[in-house]
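The values are calculated or read from the model by the stated rules, or taken from the named source; none is laboratory data. Keep in mind that this is a model prediction, so the values were computed, not measured. Cβ placement follows ideal geometry from the backbone for every residue including glycine, while neighbour counts extend to all protein chains displayed.
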Amino acid sequence: MKRIVWHGVKDVRLETDAPIPQCEEGGVLIKMEAFSVCGTDIKAYNVGNTRLTHPQTVGHEFAGRIEESKNPAFSKGDRVVMAPTIGCGECFYCKKGKRNLCAKPRSIGFQIPGAMAEYMPLPVDAIAGGHLIKCPEDIPAPVAAIAEPLSCVINGLSRAPVSQMEDVLVIGTGAIGLLHSIAIRDAGVKNIVTSEFPGHKADIAKSLGFTVIAPGELEKRYKDLSKGLGFELVVIAAPSQQVQETAPSYARKGGYVSYFASLPPEHEKLNMSSRMIHYNELVLYGTSDSTPKHVEEAVRLLSARKDDFAKMITVLPMEQWLEGYQGVMDMRYAKVVLTP
C-alpha cells in the first residue's frame, strides 16, 4: 500500500510498497477514503515534533470505511471518523470526561501509526472510550475528513455562550478560522466579522457571506462593526504574537477571547494590559484538542452545512502531498484533503 511517512525534519516520503497492516484482535482495519493536512503535520515537516519518532506514518484527520473488524461494535463497510487523541482512561482528566487533557495521551499519527495511508489499523485500546465514530453516508468523503479539526473548534466554542451572542470577530480565515466562522453561524450569530489579508482565503470567507476586513483596518473599524462596543467573542485563529497581544482590545466589556492558535516556544510570551482584562471583565481562554462527543457534534454540523464546508477544501491525490503542504504554507489553499 501507499503511505506518507515522517523520517525527520524536511524528510517526509511517499512510500508505495508498504505491507497492508493486519487487523489485531479486538481492533479494526480501516480503508481510507480521504485524509486532510493539519497545521501540526506541516509543523512536523518544517521543525519536527517531540512526540514523533521516525519513521512514522503521519496524519490524524480522516474518513474511511471498516475493511476488517474484530470488534463487535463495528462491521465491514461502516463509515468512520475519529477523535484521534487516546486518553489513558485512568487519570484525573479522563475520569472527568476530558480525555483531550489526558496526563498520558497517545495520538494517531504520533505514537500510533497515522491516517495518511491506504489502510490504517486501530488497536482495541484506541477504540475504547468511543474514539471511533460512525459517519453518515450523505457527507462527501473530503468533507467528512475534516471532522476532527471541526471537533476542536466545537470544543473551543463550547467554552463561551456563543448562541447568546450577536457580534463575533474571527481573526484569520485559514482552515481553523473558516471552521469557526461556519460553526458560529450555525449557532445563530448574525454578525460575523473576519480579518484576513487579501487573497484566496479572504475570497472564500466572502463567498460564504462573512464580512472580511484587512488586518491593517481592524484597529480603526472594529467598533463600527460591533455597535460601537467591541465584539462579544474574539477568536484568534492566526499564529501571530502581535495578534494575540492586541486581540483582547477588540472585545467588549464582559467579552470572551479564545486563544485557539498556538505559538512556537520562542514567541509564546505575551505582553498585555492586565488592567484592561481586569476592568473590562474579560474572559481569556485556551482550547486544546477534542473529545469523542465533540466529534459527534462535528459530524452533525458537517451533514447540516456540507456545502459551506466544501467551499474551503482543495482535494489532491496523495501523490501531491508536498504540493498540499506547500500550498497551505503559501496561503494558496485554506484546507487540503488528500485522497488515496
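Some values worked out for this structure:
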| read-out | value |
| --- | --- |
| Residue in segment 113-128 that is in contact with a His (Cβ under 8 Å, 6 or more places away or on another chain), surrounded by 20 or more Cβ atoms within 10 Å (Cβ to Cβ), on the phi > 0 side of the Ramachandran plot and in the same structural domain as residue 49 (by TED's automatic domain parsing) present | no |
| Neighbours by Cβ (under 6 Å, 6+ apart or cross-chain): first from segment 251-273, in a helix (DSSP H, G or I); second basic (Lys, Arg) and surrounded by fewer than 21 Cβ atoms within 10 Å (Cβ to Cβ) | none |
| Where residue 171 falls short, out of the listed (1) without any contact (Cβ under 8 Å) to a residue 60 or more places away in the chain; (2) in contact with a Pro (Cβ under 9 Å, 6 or more places away or on another chain) | (1) |
| Members of segment 1-53 that are aliphatic (A, V, I, L, M) and touching a helix residue (DSSP H, G or I) at 6+ places or on another chain (Cβ under 8 Å) | 4, 9, 12, 14, 28, 34, 37, 42, 52 |
| Residue 301 vs. criteria closer than 28 Å to residue 93 by Cα and of a type in the set (A, V, I, L, M, F, W, C) | yes |
| In segment 52-79, residue surrounded by the fewest Cβ atoms within 10 Å (Cβ to Cβ) [restricted to those that are more than 13 Å from residue 114 (Cα to Cα) and within 24 Å of the chain's Cα centre (by Cα)] | 65 |
| Counted residues, segment 159-194 - those being closer than 16 Å to residue 250 by Cβ and surrounded by fewer than 16 Cβ atoms within 10 Å (Cβ to Cβ) | 1 |
| Residue that is farthest from residue 100 (Cα to Cα), among those in segment 277-290 that are in contact with a strand residue (DSSP E or B) (Cβ under 9 Å, 6 or more places away or on another chain) and in a helix (DSSP H, G or I) | 279 |
| Elements of type helices (runs of 4 or more DSSP H) contained in segment 195-250, each with 3 or more residues being surrounded by 15 or more Cβ atoms within 10 Å (Cβ to Cβ) and within 21 Å of the chain's Cα centre (by Cα) | 200-207, 241-246 |
| Residue match in segment 258-270 (condition: surrounded by 23 or more Cβ atoms within 10 Å (Cβ to Cβ), touching a Leu at 6+ places or on another chain (Cβ under 8 Å) and not assigned by TED's automatic domain parsing to the domain that holds residue 87) | yes |
| Residue in segment 310-322 that is surrounded by fewer than 21 Cβ atoms within 10 Å (Cβ to Cβ) and on the phi > 0 side of the Ramachandran plot present | no |
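Yes/no matrix, rows are residues, columns are (1) within 30 Å of residue 283 (Cα to Cα); (2) at pLDDT 95 or above; (3) not aliphatic (A, V, I, L, M):
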{"position": "47", "(1), (2), (3)": "no, no, no"}
{"position": "51", "(1), (2), (3)": "no, no, yes"}
{"position": "96", "(1), (2), (3)": "yes, no, yes"}
{"position": "115", "(1), (2), (3)": "no, yes, no"}
